[in-house]
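Novice: Below is a structure I'd like to ask you about.
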Amino acid sequence: MSTKCLSIGLVLALASGALADLSDISEVIFRIEASNASGTGVLEFTQDQLVYNANTDTYIWNTGTQFIFDEFFTPIATLQNANLALQLNSTKKIAGAFAVQSGSTDTVFTITMPQLSFANLAAPSASVGLAVNVTDTNNNGVAMLAVPPAGGILITHYNGLVPSGTLFEEVLPGVSNPTGSTSTLAYVPYTPLPFGAGDMNSQLAFSLTAGDLGGGTHYFQIIPEPAGLALLASGLLLLGRRR
C-alpha cells in the first residue's frame, strides 16, 4: 500500500512539475470594462478558471455570453465570448480572442489580460499581432477605434502592467466601414527588446459604435535570444545523436 501511495505521489509530483507555477500568473486573468452614456460596468475572471492542456503545455480559458451591467443593474454592453491561451515555457505567450456588442450608445471597452511573470530574460525578442472584425447592425456605419492617447487598440508592455510598464508596441489604430462588415489585421515580427524582461501584460482598449459588433484575435509573445534558442536546439540534436 505504501509503495502504491509513493508511486501515485511521484506521478503527481512529476505532473505538477510540468505545469507553470500559478503564482507566475496574476489572480485576475481577464477583466473587461465597458463605459458609455448609460454608465460603467466591469466583469472579472480569475486564475482558478484556467485549465491546463498538457499536449500544448498551455493554460486555457474561455467564456460564453456575459452581460455587463452598471451598479444599478442597467445593461451597458455584452461580452459575447472570449478565450485565452497562456504559455510559460521557453515561449512566454498571451493569446486569445474576444467578441463584444456595444450598448445603445457608443461604448468604450477596456480588456485587460493577465500579467505573466518569469525568470529574467537578458536579451529577449517580442512579437505581437491583432486581427479585428466589425459589423454594422443598424445601417449607420461602424467603427472600432483606439482610445487616445494610445496609438493602437492592442497595447503591450513588459516589466510592468499597462500603462506603467515598458511599452513594446501599440498595434492597429482602428477600422471603420460605412455599412456591413469589414476586417483588418496588423502585426510586428520578432524584434529584439532594448531591455531584459521579467514579466509581460497586454490590454485592448477601443471605442465601438452604438449597437454594433466587434471582435478579434490577438497575441503577444516573448522569446529568449534567438541565438540562444538555436544553441539549445543544436545541443538537443547532438544529445539525440549520442543516444
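Novice: Taking the C-alpha atoms of the stretch 48-102, how large are the radius of gyration and the largest Cα-Cα span, Dmax, in Å?
Specialist: 14.5, 46
Novice: Okay, next question. Counting pairs of alpha carbon atoms under 8 Å apart in space and at least six apart in sequence, what relative contact order in percent does the stretch 26-242 give? List each step's numbers first, then the result.
Specialist: Working: 592 pairs, mean separation 53.2, N = 217.
Reported relative contact order: 24 percent.
Novice: Right, something else. Find, to one decimal place in angstroms, the Kirkwood hydrodynamic radius of the stretch 26-242, where the mean of 1/r is taken over every pair of different Cα atoms and then inverted.
Specialist: 18.2 Å
Novice: Using alpha carbon centroids, what distance separates the stretch 38-100 and the stretch 146-168, in Å?
Specialist: What the calculation gives is 19 Å, centre to centre.
Read the figures in this text as sums done on the coordinates, not as results from a lab. In this text, all values refer to a predicted model and were calculated from it rather than measured experimentally.
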